[in-house]
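Reviewing the structure listed below.
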Amino acid sequence: MAIDFEMIVFVIVSGAAIAGALGCVFASRVAHSLLWLMLTFFAVAALFLMASAEMLGAIQILVYLGSVMLVVQFGVMLTRRRIQGTESLPTLNFISAVTGMGLFGLTLALLREVMEHPMWDSGVAGAPTTLDFADSLFNEWTIATVVLGALLAMAMIGASYLVRDERLINLVWDTGQEAVTATPGVGMPVRRTISSSTEEDQEGGEEE
Amino acid sequence: MIDPSWIAALGVILFGIGLLGTFYHKNAIVVLMCIELMLNAANLNFVAAATHYGDVNGWVFTAIAIAIAAAEVAIGLAILLSMYSTQQTISLDAASKLRN
């Protein structure tokens, strides 16, 4: 049997995917782990291309890698340093070893189930085309697409609400006034509710 | 074309590694990334089945899964940053507010 070029590419790509996944799990710092994960996602995009799903490969690279993972990387690296601390490793070594062996066995059993499933006995029907994909997405699954857009909008609004900045200087800036009291020093933001901060603000003004 | 069962097998391996990571780590951001890994493994299975049967629905499910994963990452990161600013840690052992 002649050397199958596609098989060589598959071995390289899947090796990169597995190496990236292992690096993601066993890297000691969060930023490194995220870079390994991006390698895995690149390999998965290449596998989408090998399965003739060109559109999905483009979505994977443009949306997933280009925006989502990059935003997470910035969010991890540009915020507090202690968030990337290495206190993440397990302390119960015996239990974690048993868990690892159990998961390895589970993966092997799943692998056997998937590879020997009778659905692979029939011939390969061939991949659909991108035109079929667009037709199905915007005709057959229209409602799902619209609901998905609403879900994404809700998620973005909720995320920006969760990370809102409650510092006094920003609240005062929002109302178009100037801050009367001195701003707190550099460091952790001082959390105040709106009512208490306005009271303190008035008191500071009276003292001055 | 390569046999789709190989792609499904790689999906199983990635799923196992992601599951190991969710058990192995205490840092919530790494656990979130391992969940992303498991979602990608599921996507690989969808694509393999779509190629095998010539059915486009597997691709549609994959696209929907990618969009939902994007929303999940945004919400998860926001929750973790908010948790850090209130508790000064994102270790999953410390996240016991709902338990008490």
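List every residue pair whose Cβ atoms sit under 7 Å apart, with the two residues 6 or more apart in sequence or on different chains, where the first one lies in the range A:38-52 and is touching a residue at least 40 places away in the same chain (Cβ under 8 Å) and the second, anywhere, is of a type in the set (Phe, Trp, Tyr).
Every condition considered, the pairs that remain are A:Met50/A:Phe10.
How about the range B:21-52: which of its residues are in contact with a helix residue (DSSP H, G or I) (Cβ under 9 Å, 6 or more places away or on another chain) and among the charged types (D, E, K, R)?
Initial filter on the range B:21-52 (in contact with a helix residue (DSSP H, G or I) (Cβ under 9 Å, 6 or more places away or on another chain)): B:21-25, B:27-52.
If the condition is that a residue be in contact with a helix residue (DSSP H, G or I) (Cβ under 9 Å, 6 or more places away or on another chain) and among the charged types (D, E, K, R), then B:Glu36 is the only one that fits.
So that you can scan it fast, the table gives a plain yes or no per residue for (1) closer than 23 Å to B:Ser85 by Cβ; (2) exposed (fewer than 14 other Cβ atoms within 10 Å of the Cβ); (3) more than 25 Å from the chain's Cα centre (by Cα); (4) modelled with pLDDT of 90 or more:
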{"site": "A:Pro128", "(1), (2), (3), (4)": "no, no, yes, no"}
{"site": "A:Ile143", "(1), (2), (3), (4)": "no, yes, yes, yes"}
{"site": "A:Ala150", "(1), (2), (3), (4)": "no, yes, no, yes"}
{"site": "A:Asp165", "(1), (2), (3), (4)": "yes, yes, no, no"}
{"site": "A:Gln177", "(1), (2), (3), (4)": "no, yes, yes, no"}
{"site": "A:Thr193", "(1), (2), (3), (4)": "yes, yes, yes, no"}
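Go through the range B:1-99 and tell me which helices (runs of 4 or more DSSP H), entirely inside it, have 1 or more residues that are among the hydrophobic types (A, V, I, L, M, F, W, C) and in contact with an Asp or Glu (Cβ under 8 Å, 6 or more places away or on another chain). Can you show your working first?
On the way: elements: B:4-24, B:28-53, B:57-87.
Ranges flagged: B:28-53, B:57-87.
Only one of these conditions is not met by B:Leu37: (1) open to solvent by 20 Å² or more (accessible area, probe 1.4 Å); (2) within 11 Å of the chain's Cα centre (by Cα). Which number is it?
Evaluating B:Leu37 over (1) open to solvent by 20 Å² or more (accessible area, probe 1.4 Å); (2) within 11 Å of the chain's Cα centre (by Cα) leaves (1) as the failure.
Residues to consider are B:Ala48, B:Ala71, B:Ala78; find the one that is among the hydrophobic types (A, V, I, L, M, F, W, C), open to solvent by less than 20 Å² (accessible area, probe 1.4 Å) and modelled with pLDDT under 90.
Details: B:Ala48 fails: modelled with pLDDT under 90; B:Ala71 fails: modelled with pLDDT under 90.
Just a single option satisfies the conditions, and that option is B:Ala78.
Which of the residues that make up the range A:57-80 are facing chain B (nearest Cβ under 7 Å) and either acidic (Asp, Glu) or in contact (Cβ under 8 Å) with a residue 24 or more places away in the chain (or both)?
If the condition is that a residue be facing chain B (nearest Cβ under 7 Å) and either acidic (Asp, Glu) or in contact (Cβ under 8 Å) with a residue 24 or more places away in the chain (or both), then A:Val72, A:Val76 are the ones that fit.
Out of everything in the range B:2-33 that is among the hydrophobic types (A, V, I, L, M, F, W, C) and more than 7 Å from every other protein chain (Cβ to nearest Cβ), what residue ends up being farthest from A:Ile59 (Cα to Cα)?
Residues of the range B:2-33 among the hydrophobic types (A, V, I, L, M, F, W, C): B:2, B:6-10, B:12-15, B:17, B:19-20, B:23, B:28-33.
If we keep only those that are more than 7 Å from every other protein chain (Cβ to nearest Cβ) as well, we get B:15, B:28, B:31-32.
Numbers: B:Phe15: 21, B:Ala28: 26, B:Val31: 24, B:Leu32: 21 Å.
Here the answer is B:Ala28.
The values are calculated or read from the model by the stated rules, or taken from the named source; none is laboratory data. Everything numeric here is computed off the predicted structure, so don't read it as measured data. Note: ideal-geometry Cβ built from the backbone for every residue, glycine included; neighbour counts use all protein chains shown. Surface areas here come from the heavy atoms of the whole protein model, side chains and all, with no ligands, DNA or RNA. Shrake-Rupley method; radii C 1.70, N 1.55, O 1.52, S 1.80 Å.
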